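The numbers here are math on the coordinates, done by the rules we state, and not lab data. All values derive from a computational prediction rather than experimental measurement.
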Amino acid sequence: MPPAAMLMAADAPKSIPNVTLPAQAAKVTQEPFGELRIYFDGRTDQLQSMTAGSLRLKAGMNPHPPHQHPEEEFLLVTEGTGEIMVDGKTTKVGPGHMMYCAANKSHWINNTGKTPLLFFFYKWKA
């Protein structure tokens, strides 16, 4: 391999490794609205960027106002009850509900229950 190609390969960002992680291995931050865990954040062999995490959203809270971003996103509710708004349509949700939101479409989640709402999210950009 020519020296310039070796340098480019060495400088290239590393892909997310093939691994199975327990919850304790995720990067945890305590936010005013709940506990945020990021399991994976980086590029993959197929994607420019990928983020996978969870949020245990406190009762009556939302993590941010309606927003949009260039990544597509899936969100899976596993505990609690709330509302998810996608592209102007609001749906009441509970365990087993899954959201898909295309890039640059407005979306939002709100915990309307009296207990935490746990959801897992997956965002990516090709």
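Geometric descriptor of the chain, per residue, is 126 Å³ (volume of the convex hull of the Cα atoms). When the alpha carbon gyration tensor of region 74-126 is reduced to an equivalent ellipsoid, the three semi-axes, largest first, read 19, 13, 8 Å. If you count Lys pairs in region 25-125 whose Cα atoms are under 16 Å apart, skipping same-chain pairs closer than 8 places in sequence, the total is 5.
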